[in-house]
Every structure is written in C-alpha cells, then in structure tokens.
Amino acid sequence: MIGLLFGSFNPIHIGHLALANYMRSFHGMQEVWFVVTPHNPHKAQESLLADHHRLELVRLAIGDEPGYRASNIEFGLPQPNYTIHTLAQLEERHPGKSFGLIMGADNLANLPKWKNGEVILQRYPIWVYPRKDWPWEAVPEHLRTHPGVTLTQAPLLEISASFIRRALADGRDVHWFMPSAVAQYVQEMGFYRTKK
C-alpha cells in the first residue's frame with residue numbers, strides 16, 4: 001500500500017517528514033508519496049511558491065531515502081485539482097499499485113464537501129492523524145466509524161508551514177524546523193523573506 005500525503009508543502013518541514021515516517025513504521029505502508037499540489041481549491045494561491053520550487057524542496061527533504069517519493073502528478077492536471085482526478089491518474093499510470101490517503105482530522109470532517117468525496121471514502125483507505133485544533137469527536141460519527149477510516153496515534157508536532165513563512169518574513173532563524181537541505185535552499189533563494 002502506498003500512502004498519499006497531499007499538500008502545498010510551502011515549505012515542507014520536519015512535521016511532514018515525521019508523519020510520513022510514522023505511517024511507514026506503524027501502519028505498514030510500503031511507501032509514502034508526497035503529492036505536491038499546485039492549487040488547492042480551498043486555499044488562497046497568492047502565497048504559494050512556484051510549483052517547481054516546492055517540488056524541489058520535497059525532493060531535497062527526502063533525498064535518496066527509500067520508501068518516499070515526491071510526486072508532481074497534479075502539475076499536469078486541470079486546475080483546480082481534485083483528489084478524485086489525481087487518484088484516477090495514479091491508478092492509470094501505476095497499474096497494480098494500491099493507494100490510500102493520509103489526512104488530518106479536519107480534512108476528514110470536510111470530505112463530504114470534496115468532489116466525489118463519497119466515492120473516495122468507499123474506494124480508498126484513509127489514515128487520519130489527530131489535530132490539536134480539530135478534536136476527533138468533532139468529526140461526524142459516520143466518518144469516524146467508517147470501516148475504511150483508521151485513526152492513528154501519530155505524534156502531534158505543532159509546526160506549520162505558515163508559522164515558518166511568518167518567522168522567515170520577520171527575519172527569524174527557524175532552520176531547525178526544516179531538513180537542513182531545505183533550510184539551505186530556502187535561504188539561498190531568499191524565499192519567504194517578504195511578508196505576504
């Protein structure tokens with residue numbers, strides 16, 4: 001089983017990597033693919049780095065570590081991208097592989113609003129990690145008890161990409177929040193130095 005972790009990764013940070021590592025180690029996933037999303041229909045786009053830069057940050061973060069992959073599958077899909085279309089493309093390009101979704105409790109709660117959310121729920125296993133700002137009890141019961149949904153005990157790391165961007169814009173040193181190769185690339189390119 002390949003676990004798909006979707007995100008803008010703007011930038012990728014140690015919380016993302018710890019989560020991916022946890023899913024492989026504790027839930028038996030063969031691989032975790034970081035699916036870099038060009039534009040999430042539920043998020044503003046103006047603060048995003050260019051797609052190729054965010055993909056490069058993910059590649060730098062995982063290096064040649066086995067079991068992890070940076071995916072640009074959504075770059076060639078019509079925008080805005082929808083998860084159901086991405087899943088169809090992945091299955092077409094990788095016959096014989098099985099895919100599941102890794103998502104926060106907040107995303108699970110919003111799944112009924114997604115394009116073909118019910119189809120995703122029926123066809124793909126979903127592993128959910130807890131969010132401090134979104135208690136499990138706040139997720140509708142029919143989603144919490146669905147046989148395809150697994151609540152994990154992934155450690156809560158209160159690190160967010162938005163915190164890193166704000167800190168960098170304020171001139172603060174947050175290089176420990178990112179893999180060293182990512183922090184170096186961000187510094188060299190001068191990313192996030194101006195406030196948005």
Checking rank on 178-186, 119-127, with mean other Cβ inside 10 Å and highest first, the result is 178-186, 119-127
Projected onto the charge dipole of the range 40-196 (unit charges on the beta-carbon of Lys, Arg, Asp and Glu, signs +1, +1, -1, -1), the Cα from M189, G148, P130 with the largest positive-side position is that of M189
With the 8 Å Cα cutoff and a minimum separation of six or more residues, the chain has a relative contact order in percent of 24
For T150 the rounded accessible area (nearest 10 Å², probe 1.4 Å, non-protein molecules ignored) is 50
Contour minus Cα-Cα span, E118 to Q79, at 0.36 nm per residue, comes to 11.9 nm
Most fluctuating of G15, G171, G96 in the GNM of the chain (C-alpha, under 10 Å) is G96
The helix 180-189 Cα axis meets the longest alpha-carbon principal axis of the chain at an angle in degrees, between 0 and 90 and rounded to 10, of 60
For the chain, the charge dipole (Cβ of Lys, Arg +1; Cβ of Asp, Glu -1; about the Cα centre) points to a positive end, and the Cα of H27, F9, Y68 closest to that extreme belongs to F9
per DSSP, antiparallel bridges as share of beta bridges in the range 9-165, % nearest 5, sits at 10
Taking Cα atoms, the helix 83-93 axis meets the longest principal axis of the chain at an angle in degrees (rounded to 10) of 80
Extension length gain for A138 and Q187 (0.36 nm per residue less Cα distance), in nm, is 13.8 nm
R69 and S98 label points (each 7 Å along its Cα→Cβ direction) are spaced in nm at 1.7
For K97, counting only aspartates and glutamates whose alpha-carbon sits under 17 Å away and dropping same-chain residues fewer than eight positions off, the answer is E31
Percent of all alpha-carbon pairs of the range 9-140 at distances over 20 Å, whole number, is 50
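Under a Cβ-only charge scheme (Lys and Arg +1, Asp and Glu -1), can you give me the dipole magnitude of the chain about the Cα centre, in debye to the nearest 20? Write out the running numbers ahead of the final one.
Details: 19 positive and 18 negative charges, 50 e Å.
Dipole about the Cα centre, nearest 20: 240 debye.
The values are calculated or read from the model by the stated rules, or taken from the named source; none is laboratory data. Please read these numbers as outputs of a predicted model, since none were measured by experiment. Here Cβ is always computed from backbone atoms with ideal geometry, including for glycine, and neighbour counts include all displayed protein chains. Accessible surface areas use protein heavy atoms only, side chains included; no ligands, DNA or RNA. Shrake-Rupley method; radii C 1.70, N 1.55, O 1.52, S 1.80 Å.
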